[in-house]
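Read the figures in this text as sums done on the coordinates, not as results from a lab. The structure displayed is predicted, hence computed values, not measured ones. Cβ coordinates were reconstructed from backbone atoms using ideal geometry, including for glycine residues, and neighbour counts include every protein chain displayed.
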Amino acid sequence: MTLSGTYTVNAPAQTIWDMMMDPEILARITPAITKLEKLDDENFKAIAEVKIGPVGGSFSGNLKMVDKVQPESFKLIIQQNSKIGNAAAEVNMNMKALSDTQTEVSFTGDVKLSGMLNTMGGRVITPVANMLSKQFFEALEKEVNG
Amino acid sequence: MANITVHINGVPQTLDVEPRLLLVHLIRENLNLTGTHVGCDTSSCGACTVLMDGRSVKSCTVYAVQANGKEVTTIEGLAHAGQLHPLQEGFKEEHGLQCGFCTPGMIMRCVDLLERNPNPTEEEIRWGISGNLCRCTGYNNIVKAVEYAAQKMQAAEVPAETVA
Amino acid sequence: MFCNTSKEIGGMGHSLKRKEDARFTQGKGHYVDDVKLPGMLYMDIVRSPYAYAKILNIDASKALEIPGVLAVITGRDLEKYNLHWMPTLMSDTQMVLPTDTVMYYAQEVCAVIATERYIAADGVAAVEVEYEPMKAIVDAHKALDPGMPVLRPDKGKTDNHIWHWEAGDREATDKLFANAEVVVKEQVYIPRIHVASIETCGCVADFDPVEAHLTMYMTTQAPHAIRTVIALVAGHVGLSEEKVRVIASDIGGGFGGKVPVYPGYVIAIAASVLIGKPVKWIEDRMENLQADSFARDYDMTCELAATKDGKIQGLRIKTLADHGYTDAAANPSKYPAGMFSICTGSYDYGVAFTEMDAVYTNKPPGGVAYRCSFRVTEAVHAIERMVDRLALEIGKDSAQLRMENFIKKEQFPYHSPLGWEYDSGDYGPALQMAMDIVGYDELRKEQAEKRKNGQLMGIGICSFTEVVGAGPSKDFDILGIKMFDSAEIRVHPTGKAIARFGTKSQGQGHETTYAQIIAQELGIPAEHIHIEEGDTDTAPYGLGTYASRSTPTAGAAAAVAARKLRDKARKIAAYLLEVSEEDLEWEVGKFFVKGAPEKSKTIQELVFASYTNHPQGMEAGFEATHYYDPPNLTFPFGSYICVVDIDPETGSIKIRRFVAIDDCGNIINPMIVQGQIHGGLTQGLAPAMFEELIYDEDGNMLNGSFMDYLVPTAVESPSWETGHTITPCPHHPIGAKGVGESPTVGAPPAIANAIIDALSHLGVTHIDIPITPQKVWNILVEKGVIEAV
Amino acid sequence: MIPQAFHYEAPTNLEGAIALLQKYGSDAKIMSGGHSLIPMMKLRLATPEHVIDISGIQGLEYIHEEGGALKIGALTKEVALEESSLINDKYPLIADATKMIADPSVRNLATVGGNLAHGDAANDHPAVMLALRASVVAAGPNGDREIPIDDFFLGFFTTALEADEILTEIRIPIPPAHSGGAYLKMERKVGDYATAATAVQLSLDADGKCAQIGIGLTNVSAAPMRASRSEDLLRGQVLTEELIQEAAKMAAQDCDPNPDLRGSIAYKRSIVKTYTARAIHKALERAGA
């Protein structure tokens, strides 16, 4: 499944970059993530709680941040496991400066789901992903506007 | 654990059950009434159909605690004093079954169907049993079996209380 | 219809009500999940969320902390006993539990044994498995691409090719096609489907450590073969064949899916042996759909050669078969593609050639037949689609084209260009009967009118020839065991009988029809003949029930065994009536003296005498056993016509009528035969319009539950119209042929042909099944009939 | 498929149920008929610690007209709608839709309130209630509040119900004379979620013009949706074939379906178009046009 999203944020690219590089802030703005623990420059341990209507799941796994080109782009490699199935994703994040104060944040990603999540989740996955990305951008904007 | 009393085929049964115990397992495992079957687990096939307060329900998607204080009728409770229910007779007479696995659920569903609509058309029967899957018969003879029972019940005017 | 017994005796031709229905209608059937033994434990299985992955670690500690969880069994545990792999029926090997790698989505990873079903489920949720996912091979075509990972290096493979097989005359066929006036060609894919019997699979393995005896209660179509397989797989750990008892009680539908030995059975046995208690394992529906044997998955390149005026001359089919990660086909023949070479169908022409390659992919193993003799449905689909394709090409009515090319009655026994000897047939009358009932000519006129107004209706025909009753020992075996079947009849002093068989009914009504065969031969009322099957301790050895083989094999055995008894009765009658055997004549139920019919002895008197007053030197009692090795297969046939209406805006398809004329030779019980046909038709409708196992590019199954695997309900299933002709089987003792599967074989092409016929004027020549409204809609958009928004 | 263990409570009145919701917060799930919740629990996709069974609360099963509105108690079972002569005679849209929900045995237990409170755009009642311009009543610690249906469905599986609120009643304005409605649903087989479905409710004025129209769509967006542009186009107009087709096309353009096993985006849009037009026709016919 491919995901993508674009959003214009009222902040310079570098500001956004700094926020994304701060595990505490990243955890705060990324929906569902409850804990992000930095292991080294690239690797994080992540715990997520997803709750949509009656469906819920606790995920844990790794998050890897690679190919960093400050302040333009980086890639996230995510592996999250849960009792109802596992999720693996590769997401390319891009920050394109529109002006000194405006940045276009966009991402494209490929997500693979396995297990029950995949079998039973077909009907709900895309709306959930869209919802989560919307929440992400909203949280990002909120964070920017402080 | 929850303490519940369920009237199964007219007999009150008081038991302590885990809240997550499914009604079908209460019936099959706790009460050893194995005529009610499990076919799909997603309330798609109807093999587990029983009557709860006279209405057909899929007992794989009902918790036993939800049946507390209710009347549950299973296939074993359908015949009275050795006298088969007209549907049981109809399924045999019209060859409305083959492997027999869906049959108890199908019959229980049809009890409810005929209760509400004593003289259904073929179309109404087909929609009426659309939540019960049969892999053997192709449904033609199930329709006939229901028609057989409908005629017989109308002729005899079987009182409602003998089936609920 | 043949029927010469009274209703009281209930021999052949009577629509006797079924004996088994008394218990089934009252909830007294006895299916495997009804088995409850003292101290019984429950098994539940952890399954792979990946289609192809290395298992890095299995951590069962949290599961084992749950009170009531007794054990978690892994492949490493089984490896100690060399039970982690088992042979398949196709001389391949299959994992019982993996030690290193999982090969398909929902494959067994390890098993939790607990005191209760619910606790076992909790245990499964608590086992933590670490995987390293690998890129799965999902597409059978890509499986053969260079550079693809080799899935089965353990088989000495250097690629994913399993076997190549061919039949017919390649050279002559190629030559014919090179010079033919007309050649039509289509790529025809028959998707992966699942039998989805309403009862899933399961077992209770009950090992008695003191006696070293295993009783295996299970849902199997072939109890004897399973016992032998158990002895072969686990003989080295002490499960000796005489100490294994397989009991198959009532079975909630089989359709081929309950022929194989699934890993769960072996794990349950291992668990019972290890723990010394009975262990129950019952699949849920998702496990059943996701991991049990599939059917079909044949991609066929089909070509038909003919003259311009429609004389069919040759057939050429090249197939790619996706077998999943192991070839575990439940195939009763020595040919790797089973009975696919019936693909020349009902038509007489010179040459044919078929070749086939099988490949490994990361999908569950199989296949099974889904209610047909292995690979017949694929063959019939290919030929019946191609005949319609030819009719379209040369502008000839498809019924007429069939009529002109049928093998004629006087040509039987007919030797097909791919090697079968058809025993009997008379195809024209069956098609004509179907055409008359449906009003074929009128329908064609209506269709022409409707096309003028943009309305879409189609008429589809299928005139199939089946090949069932595996099988003659020269061609058919399972693991080397020849495919005879058996009957043992014991008649007790009062003239009441018990008969046991090597087959196993899953709804076919054996308890009734076998009794009718014996009643026919001996004159003992069917009511007083009790039929038993499914217990390997008591029933004679047989290969089981599938491929419509019960009547052709065990049914024949019943007739022959009964005739042995009739011969004995004749001897006793001669002795009692003091005449020579030649002076006696048989009339159902009694022997009488020729010319003096008042001098007679009933079968009951003769049976009683066999216990009380038999001739000196004669063995006492009235028992006979027969193992029947059929001289040939039986070739039932039929012609089906389907009429569909299509909503030109949405692509919705409504089957307006479906007429099925079947010929299965002499009929034992017309009611049961008709019921078999109804059921088979709905199971033919299913893959034609609804069912398909769908995988994504990573090998995840996307529709592994009844919420998305679309088994037709009474609403989708039309009201079937049936009829029959009778062409007795010349070599079967009672002239019967198998019937249970003909409609599943014949219905899909009839439906597909009807839908394609409805669209053929738009230039549509083929659509793969299942033909869904979405597929039809896509075509309507592509052909410019409607516009997408 | 065995659910994870949970604690079970069966309050007999609303106050008790609300108190339990306040006590357990997001660890609790309300269950009425259980036919949305239990399947998810059996798959262990839903693992609530507490299940609050409200089916024993008296007085929430009714179908009657009162004060200009049709009032349906939240615990009213689908089967009651199916068998109600009031619904069958006067609310054909509801009657149409109810017959298409799952299957008869499920309808014997499933409730109207549950169908709405689940917030699933694939359920059939949300589109119906949008078309009927219903409102729902939510009971909470501070009493009742009425929520117009347009404010109720907030997003994917998300409604305006607070964590400590329970849906108790659905209120539907009684349609004036010359009204009609229809529900058309495309499904892969009986009992399936809609590939797409359209609910239409309309009223005609004395001149035969469309005085009011509601169009709701099922399973073609993350949240249940109203085809507002289509409604606006038709309101106040004589419904010509051309206008109806245009409105149907707008609905198809405005919806936002996901491609899945039920169909492609293009196919779902096309079904919306066809069924919207057909449902308008059927509603018109029923309105006596």
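A few notes on this one:
- Spatially proximal aspartates and glutamates relative to D:Lys42 (Cα-Cα < 12 Å; intrachain offsets below 8 disregarded): B:Asp41, C:Asp122, C:Asp284
- Put simply, the amide H of C:Asp169, placed in the peptide plane, has neighbours under 5 Å in C:Ala352, leaving out anything fewer than 5 places away on its chain.
- Proximal lysines relative to D:Lys209, as straight alpha-carbon distance under 18 Å, when same-chain residues fewer than 8 apart are discounted: D:Lys282
- Among D:Pro3, D:Gly216, D:Ile280 the positive-end extreme of the charge dipole of chain D (Cβ point charges): D:Ile280
- Shape call, chain C: gyration tensor on alpha carbons, a/c limit 1.5: oblate
- Neighbouring partner chain Cβ atoms per residue of C:68-81, average, 10 Å criterion: 0
- The mean number of Cβ atoms from other chains found within 10 Å of a Cβ in peptide B:6-19 is 1, as a whole number.
- Of all DSSP beta bridges in chain C, antiparallel share, percent nearest 5: 80 percent
- Here the Karplus relation 6.51 cos²θ - 1.76 cosθ + 1.60, evaluated at θ = phi - 60°, turns the backbone of the stretch C:692-699 into coupling constants of 6, 7, 10, 10, 8, 5, 9, x Hz, with x for every Gly and Pro.
- Relative contact order of the stretch C:471-628, pairs being alpha-carbon contacts under 8 Å that are 6 or more residues apart, as %: 30 percent
- DSSP beta bridges in the protein assembly as shown [antiparallel fraction, %, rounded to 5]: 85 percent
- The translational diffusion coefficient of the stretch B:2-76, from Stokes-Einstein at 25 °C and 0.890 mPa s with a Kirkwood hydrodynamic radius over alpha carbon pairs, comes to 207 µm²/s.
- Rounded to whole numbers, the Karplus 3J(HN,Hα) couplings from phi for the stretch D:124-138 are 8, 5, x, 5, 4, 5, 5, 5, 7, 6, 7, 9, 10, 9, 10 Hz, using 6.51 cos²θ - 1.76 cosθ + 1.60 with θ = phi - 60°, and x at Gly and Pro.
- Contact order relative to length of the stretch D:131-289, as percent, for alpha carbon pairs under 8 angstrom and 6 or more apart: 23 percent
- Counting Lys and Arg as +1 and Asp and Glu as -1 over every other residue whose Cβ lies under 13 Å from the Cβ of C:Pro263, the net charge comes to -3.
- Test item: A:47-54 mean partner chain Cβ contacts at 10 Å: 5
- Ordering of C:615-621, C:430-436, A:17-23 by burial proxy (mean other Cβ atoms within 10 Å per residue, highest first): C:430-436, A:17-23, C:615-621
- Estimated vicinal HN-Hα couplings, Hz - the stretch A:34-41 in sequence order (Karplus 6.51, -1.76, 1.60; Gly, Pro = x): 9, 8, 9, 10, 7, 8, 8, 4
- Helical runs (DSSP H, four residues minimum) scored at -39500 (n - 2.57) apiece and divided by the length of the protein assembly as shown put the mean residue ellipticity at 222 nm at -9000 deg cm²/dmol.
- Amide H contacts of C:Ala470 (H built 1.01 Å from N, under 5 Å, at least 5 apart or other chain): none
- Distant-in-sequence amide contacts of C:Ile531, defined by a placed amide H-H separation under 5 Å and a gap of 5 or more residues or a different chain, comprise C:Ala499.
- The stretch D:188-289: GluC sites (Glu not before Pro) falling in loop per DSSP and having at most 11 other Cβ within 10 Å: none
- Qualifying aspartates and glutamates (Cα of each under 18 Å from Cα of C:Lys452; at least 8 residues distant if same chain): C:Asp441, C:Glu442, C:Asp645, C:Asp647, C:Glu649, C:Asp757
- Entries in D:Lys71/D:Lys99; C:Lys54/C:Lys80; C:Lys80/C:Lys155; C:Lys17/D:Lys77; B:Lys70/D:Lys71 that, when Cα-Cα distance is taken, lie over 31 Å: C:Lys17/D:Lys77
- Longest site-free stretch - chain C; sites: trypsin sites (Lys or Arg not before Pro), DSSP loop, at most 13 other Cβ within 10 Å: C:595-782
- Look at the alpha carbon pairs under 8 Å that are at least 6 residues apart: their mean separation over the length of chain D gives a relative contact order of 16 percent.
- Cα gyration tensor shape for chain A, rounded if a/c is under 1.5, else prolate or oblate: prolate
- P(r) tail fraction, the stretch A:1-74 - alpha-carbon pairs more than 14 Å apart, %: 68 percent
- Tail weight of P(r) past 56 Å, computed on alpha-carbon pairs of the protein assembly as shown, percent: 22 percent
- Spin-label proximity, C:Gln432 to the stretch C:652-681 - amide N less than 17 Å from point 7 Å beyond Cα toward beta carbon: C:661-663
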